[in-house]
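Every number here is computed from the coordinates shown, using simple stated rules; none is lab data. The structure presented is a predicted model; accordingly, all values stated were derived computationally and were not measured. Cβ coordinates were reconstructed from backbone atoms using ideal geometry, including for glycine residues, and neighbour counts include every protein chain displayed.
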Amino acid sequence: MKSGPSDAPEAQRPANVWSVSWRFLKRARRYVPRILATMLVVLVASGAKTTQAALVKPVIDSFSKDEAAKEADRGRAAPEEASRGPGGWVRGLLAGLKEWVRKTFSPAEWDIRVISAIAIGLAIVMFFFGTLRDYLTNYLTNRVVADLRNDVAEHLSYLPLRYHYDRKSGDLVSRVTNDVAVTESAANFYFDDMIVHPVMILSATTAAFLTNWRLALGAVAFFPVYAFVLGRMGRRMRKARKRSLEHLGDMTGTMVQTFGGIKVVKAFNMEAAQVAEFREHNESYFRKLMGALRRKALGENSSQLFMGLALAVVLVGGYELMSRRAMTAGDMANFGLFVAMINSSVRELSKSYNRLVEASTGCERVFELLDQPRETQHETGEELRRVEGLEVRGVSFAYDGTFVLQDINLKARPGEVIAVVGRSGAGKTTLVDLLCRFYDPQKGEIAVNGADLRRVRRSSLLSRVAVVTQETFLFNATMGENIRYGRRGAAAAEVEAAAKAAHIHEFITSLDRGYDTPVGERGAKLSGGQRQRVAIARAILRDPDLLILDEATSALDSESEQAVQAALQNLIRADHRITFVIAHRLSTVRNADRILVLDEGRLVEEGSHEALLGLGGAYASLYRTQFTE
């Protein structure tokens, strides 16, 4: 049960943060109008915040004005009043308008009442646009992640059976749950932080340059160096984070196996061994995670060093400029606020970038899964109305280069019951998997109604097929819902009729909640025979043209088997139905019209029960072995 990270090969490709980012952003193309609207809202909110910070300058500078200069201004206004003559009132009106414009649009002339009114107005703007910004960015983040989760679930459903058989279920569960959840950090970076903080940095940097471009140039000179250092740290952290997610997948796989097979675990007294295996994977995950988090902490806090250098430049340069009266106290205060705003946004952006680096490893694993080729070829082709005949012509099939079926030929007509027998590994289940087109043969062809099965859309084919497998699977739903899985739109009376035919109706009605009784995870609340009969009822309800019974009565006791066999006779003997019965117990296939005997992937014998016994070959050998035992 123990295995290391990623025991199945994936479609690997060189990946980094930027290639993953590009693939992630392509998924948001349908939301471009909303992204543009978000950027506009962020621009207004950031501009209002920067303008609000700029109000500090007129407040401070107003206390530094020379009162004597004010008196001189008032003294100069008096002669102007006295000198008015004809037409003087016009000049006075224009002068007053000019003074109003100067005081209104020149921050140096604002008094505290004007500044307070502007501050309140900006606060209202920030409240409205800030709320709208948060809603829009959260919508984009969660919408893209929800779309990705839907796409992963859909893509997994349409991947070939071989892909699912070759992968650990725990790893697939981890990718759908843990890895997709991790991508939320990437979405948050792209559609929140990457919009909000760059706009804020641009707004504050522009204001700083307008205040004093020389001082601003010295303050922002350290940012490119910081970005370079952060990128180098991010690459190392991404590798460490990917290894931690691989161990997380192993840990999830151990949990899935333990809880899925809890009865076996307890029966063999293996609780301690399973806990030890889980603990080992958990400790490996912890060590790899801490390595990634150590690099993350170093990257995030290195911003303090560069911001400290920038602050030193601002303090020294600002003091020098103020001493030469090239900069006022209000300018210096404004500049300090702008640098603080830049510092805050850069720090948040660096944290978000580190979260992106972490998330990129989860994105890689999700995209690796999405890169697996889907069975799209199975969903093209003709519509199948009925199955009026089936023919297998020279079919051979191999798993990973090893042939499990070789040169199989057979014909089946509606109304026939064909049994397929042979030792374990002879290829019986593979043959019926090909009939359902879960796989396509490498050689030969399977024809339905005279046409190659590859020309028929598989969903159309499977709508005419019902399968009862050896490993009965029931969903964690009610009795009625599990039977109705055979035909979702079936009426209650039809469900009950199918249950009666499968000899499970009386048991269901004896339960307190009847057909609304939950069956538990994988039908855990039912016995093996009860689960099997529910599955048979599901197949009866579907009323298929092609019925496949893969050890359908293997889990039944003798009494139940006799009852279900009687019900199955009415099902399989329908004139329009072809039935394939796979069985190890040869007593269940005596009444088949034909028996196919497979041996090491080859069809070695074919005929009725009596005829094959008379041959004294492979079938007779199997029969004697079972009844001797």
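Tabulated data
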| quantity | calculated |
| --- | --- |
| Mean shadow area of region 286-434, taken as a quarter of the surface of its Cα convex hull (nm²) | 19.8 nm² |
| Over 32 Å between alpha carbons, listed pairs 26/351; 26/288; 49/288; 443/500; 428/500 | 49/288; 443/500 |
| Label-point gap, in nm, between residue 324 and residue 276 - each point 7 angstrom along Cα→Cβ | 7.6 nm |
| Calculated FRET efficiency for the pair residue 388/residue 624, C-beta based, R₀ 45 Å, to 0.05 | 0.70 |
| Simple label model, 7 Å out from Cα along Cβ direction - residue 512 to residue 225, nm | 7.4 nm |
| Nearest-0.05 FRET efficiency for residue 202 and residue 493, computed from C-beta distance (R0 45 Å) | 0.05 |
| Likely footprinting exposure, 509, 579, 258, fewest C-beta neighbours within 10 Å first | 509, 258, 579 |
| Stretchable slack from residue 600 to residue 527, in nm (0.36 nm times residue separation minus alpha-carbon distance) | 22.9 nm |
| Residues 222, 306, sorted so that the one with the fewest Cβ neighbours within 10 Å comes first | 222, 306 |
| Length gained when the stretch residue 181-residue 162 is fully extended (0.36 nm per residue, less Cα-Cα span) | 4.2 nm |
| Virtual spin-label span in nm between residue 123 and residue 348, 7 Å along Cα→Cβ | 2.0 nm |
| Per-peptide average of other Cβ atoms within 10 Å, ordering 38-49, 396-407 highest first | 38-49, 396-407 |
| Inter-part distance where region 587-607 and region 312-337 are each reduced to a Cα centre, Å | 95 Å |
